[in-house]
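*Asks:* Before I ask anything, here is the structure I am working with.
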Amino acid sequence: MMRAWSVPMVLVVCGSVMATGLVRGGDPAGAAALLPVFLLLAGACSPLVFPRSIGALEARRRSAVDGRPVVFWRPGCTYCLRLRVRLGRDARRLYWVDIWRDPAGAAVVREVNSGDETVPTVFVAGRPHVNPDPAWVRRQLAETTEA
């Protein structure tokens, strides 16, 4: 659980240290502009921007029932964040598995990526797709809801 928050915590600490240095150097306006940037970056790298994660076994079971894609991700991954942001509201309709919280999810990702934990790995109809284009994922989701 702590690993998921390590990058956001580092960003908050770095931003705070830099803002403190600016205030001490006589630039409180610069500090007031810099700190929110670091806080936004920390929020974007946190698990908060992703839909609630479920376990790999439950996600695959649900996907087998309704055909929706399963996304294996981890906090701090810029490619996962890109996928999440580009999917917009549609992201909530997918099943998200945080591989840092779910050892079974991490094992699934390593199995299909030659031992690497490469994310995002998206399973559509039981087939893995590593770092797919968000537009393609959106089309796959649309096809599952039409069927």
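The values are calculated or read from the model by the stated rules, or taken from the named source; none is laboratory data. Everything numeric here is computed off the predicted structure, so don't read it as measured data. With ideal geometry, Cβ positions are generated from the backbone for all residues, glycine too; neighbour counts draw on all protein chains shown.
*Asks:* Could you grab the pairs with beta carbons closer than 9 Å, sequence gap of 6+ or different chains, first residue in the stretch 86-105 and in contact (Cβ under 8 Å) with a residue 12 or more places away in the chain and in the same structural domain as P132 (by TED's automatic domain parsing), second one of a type in the set (S, T, Y) and crowded, with 20+ Cβ neighbours inside 10 Å?
*Replies:* From the stretch 86-105, the pairs are Y95/S53; W96/S53; V97/S53; D98/S53; I99/T121; R101/S53; D102/S53; G105/S53.
*Asks:* Exactly one condition in (1) part of a helix (DSSP H, G or I); (2) more than 19 Å from the chain's Cα centre (by Cα) is not met by P8; state its number.
*Replies:* Only one criterion is unmet by P8, namely (2).
*Asks:* Another question about this same structure. Restricted to the stretch 109-123, and to residues that are β-branched (V, I, T) and surrounded by fewer than 22 Cβ atoms within 10 Å (Cβ to Cβ), which residue is farthest from V7 (Cα to Cα)?
*Replies:* Of everything passing the filter in the stretch 109-123, V112 is farthest from V7 (Cα to Cα).
*Asks:* Considering only the stretch 38-73, state which residues are within 26 Å of A142 (Cβ to Cβ) and among the polar types (S, T, N, Q).
*Replies:* S53, S63
*Asks:* Among the residues of the stretch 109-124, what is the count of those that are over 12 Å from A59 (Cα atoms) and either assigned to a loop (DSSP other than H, G, I, E, B) or touching a residue at least 24 places away in the same chain (Cβ under 8 Å) (or both)?
*Replies:* 10
*Asks:* Condition test on A19, is it surrounded by 17 or more Cβ atoms within 10 Å (Cβ to Cβ) and either in the same structural domain as V122 (by TED's automatic domain parsing) or of a type outside the set (K, R) (or both)?
*Replies:* Considered against the rule, which asks whether it is surrounded by 17 or more Cβ atoms within 10 Å (Cβ to Cβ) and either in the same structural domain as V122 (by TED's automatic domain parsing) or of a type outside the set (K, R) (or both), A19 comes out as yes.
*Asks:* Could you give me the residue pairs with C-beta distances under 7 Å whose first residue belongs to the stretch 31-55 and is at pLDDT below 85, whose second residue is surrounded by fewer than 15 Cβ atoms within 10 Å (Cβ to Cβ) and among the aliphatic types (A, V, I, L, M) wherever it lies, and which are 6+ apart or on separate chains?
*Replies:* As it stands, the answer is G43/V49, since those pairs meet every condition given.
*Asks:* Looking for whichever is charged (D, E, K, R), in contact (Cβ under 8 Å) with a residue 12 or more places away in the chain and not in a helix (DSSP H, G or I) here; the options are R68, R138, R82. Which one fits?
*Replies:* Checking each option against the conditions leaves just R68.
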